[in-house]
Amino acid sequence: MKVIDHLKEAKDTLFSFEILPPLKGANIQSIYDGIDPLMEFKPKFINVTYHREEYIYKERENGLLEKIAIRKRPGTVGICAAIMNKYQVDAVPHLICGGFSREETENALIDLQFLGIDNVLVLRGDPIKTETGFKPHPEGHRYAVELIEQIAGMNKGHYVIDDIHMDPTNFCMGAAGYPEKHFEAMNLSTDLQYLKAKVDAGAEYIVTQMFFDNKKYFNFVEMCKSAGINVPIIPGIKPIKTLNHISFLPKFFHIDFPEELSKELLKCRTNADASQVGIEWGIHQSKELKDAGVPCIHYYTMSTSASVKTIASQIF
Ligand code: FAD
């Protein structure tokens with residue numbers, strides 16, 4: 001079933017979450033171990049992130065360095081199929097522009113359709129670690145909106161190789177939104193213009209980047225409405241789990257902690273302290289969001305479910 005239909009049918013705020021494929025070499029059980037504890041909250045869909053290749057340098061026998069591309073977290077599509085098969089819950093693979101030509105994208109979508117996966121979260125993808133900015137594939141897409149246009153075209157039966165008859169696909173697309181603006185955007189208004197373009201091109205709902213200040217989400221929703229964006233906007237919540245998150249999350253995701261939260265985090269001395277603050281803050285955020293009637297709360301588990309389970313048990 002499509003995410004948009006789950007949202008339309010829902011009588012109350014839905015629960016959903018995102019997992020990462022495990023590091024190469026791990027088996028599917030590590031995925032199930034992260035999902036099993038959360039099944040009691042009846043997720044309507046589970047997202048699985050996509051991770052591009054990274055470049056590493058290996059020293060050869062002659063002492064020269066060789067640049068090698070590796071993918072540390074492959075397996076998004078296989079994991080989605082396994083989730084649908086084991087739990088009968090809709091899986092939402094993340095699909096990115098980076099590293100894909102239009103034809104490779106088309107083939108990946110055909111694989112998804114054969115597996116009965118009709119949801120995708122459509123993203124540009126981040127620059128690869130060794131690059132300073134995002135570089136599109138020469139025959140691919142520069143922005144998420146272009147990928148959405150390609151999929152919307154496939155939903156009408158338009159394929160890259162358009163000279164043979166092919167049935168239309170039937171994908172429901174989500175797109176990313178940034179309550180604190182995307183880090184490359186000039187300001188929130190320009191970012192919203194591009195977000196509107198993604199919705200106009202066919203994105204049926206938005207999932208937000210994590211945020212820790214609900215006011216920023218509520219303000220974002222209002223700004224979206226004023227900009228003519230009228231699709232459901234699903235808030236993304238990430239429980240802080242370690243002392244390292246205190247500096248890593250703002251740096252990596254370009255977000256701020258509100259002062260009330262930073263005061264509590266400054267008192268933390270151990271990972272357990274930070275995790276406890278993260279849980280309490282996650283409960284506080286989730287309660288307020290649910291009371292405000294948000295369509296769904298989407299939790300970023302980063303594949304460890306304990307904190308999300310504790311939060312969800314107070315909310316759902
Ligand atoms: P876009 O919508 O293309 O926007 C990128 C930037 O370009 C923005 O600053 C925007 O304002 C600007 N822009 C957009 N269109 C135009 C245009 N036509 N002209 C000029 N400027 C434009 N990354 C992964 O690699 N894998 C994942 O699985 C993944 N999952 C994510 C899930 C969520 C919910 C979120 C919020 C992010 C996720 N990301 C993931 C990160 C995401 O790929 C990055 O944030 C990326 O930098 C931007 O992606 P986007 O789809 O928002 O890009």
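The values are calculated or read from the model by the stated rules, or taken from the named source; none is laboratory data. Computed from a prediction, not measured in an experiment: that's the story for all the values here. Note: ideal-geometry Cβ built from the backbone for every residue, glycine included; neighbour counts use all protein chains shown. Remember, those area values only see protein heavy atoms, side chains included, never the ligands or the DNA or RNA. Shrake-Rupley method; radii C 1.70, N 1.55, O 1.52, S 1.80 Å.
Worth pointing out:
- Exposed loop sites here are GluC sites (Glu not before Pro) assigned a DSSP state other than H, G, I, E or B and surrounded by at most 16 other beta carbons within 10 Å; excluding them, the longest clear run of the chain is 185-316.
- Per-residue SASA entry for S247, accessible area with 1.4 Å probe, Å² rounded to 10: 80 Å²
- Rounded accessible area of H137 (nearest 10 Å², 1.4 Å probe): 50 Å²
- Separation of segment 226-244 and segment 174-193, taken as the distance between their Cα centroids, equals 12 angstrom.
- With all protein chains modelled, accessible area of L95 [1.4 Å, Å²]: 10 Å²
- Sulfur and carbon atoms: percent of accessible area, the chain [1.4 Å]: 52 percent
- Helix-only arithmetic for the chain: the sum of -39500 (n - 2.57) across DSSP H runs with n ≥ 4, divided by the residue total, places the mean residue ellipticity at 222 nm at -12000 deg cm²/dmol.
- Over all other residues within a Cβ to Cβ distance under 12 Å of E106, the charged ones net out to -4, with Lys and Arg as +1 and Asp and Glu as -1.
- The share of C-alpha pairs in the chain whose separation exceeds 32 Å stands at 28 percent.
- In sequence order, calculated HN-Hα J values of segment 180-195 (Karplus, 6.51, -1.76, 1.60; Hz; x Gly/Pro): 9, 6, 5, 4, 8, 6, 5, 6, 5, 5, 5, 4, 5, 4, 6, 5
- Of all DSSP-defined beta bridges confined to the chain, some 15% are antiparallel rather than parallel.
- Checked against a 32 Å cut-off, the cross-linked pairs K44/K72; K215/K241; K263/K290; K24/K86; K72/K156 give Cα-Cα distances beyond that limit for K72/K156.
- Simple point charges give the picture: +1 on the Cβ of Lys and Arg, -1 on the Cβ of Asp and Glu, and for the chain a dipole about the Cα centre of about 700 debye.
- Value of relative contact order over the chain, rounded to a whole percent, pairs C-alpha under 8 Å and six or more apart: 19 percent
- Excluding exposed DSSP-loop trypsin sites (Lys or Arg not before Pro) (at most 12 other C-beta within 10 Å), longest clean stretch of the chain: 157-266
- Considering only M166, M154, L188, the residue lying farthest towards the positive end of the dipole of segment 148-194 is L188, judged by Cα position with unit charges set on Cβ.
- Rounded Å value of the spacing that divides the Cα centres of segment 73-140 and segment 286-316: 25 Å
- Heavy-atom accessible area per residue - segment 193-257, 1.4 Å, Å²: 44 Å²
- Taken per residue, the accessible surface of segment 50-144 reaches 55 Å², heavy atoms only and a 1.4 Å probe.
- Phi-based couplings in Hz for segment 109-123 (Karplus 6.51, -1.76, 1.60; Gly and Pro marked x): 5, 5, 4, 4, 5, 4, 7, x, 9, 10, 10, 9, 9, 9, 9
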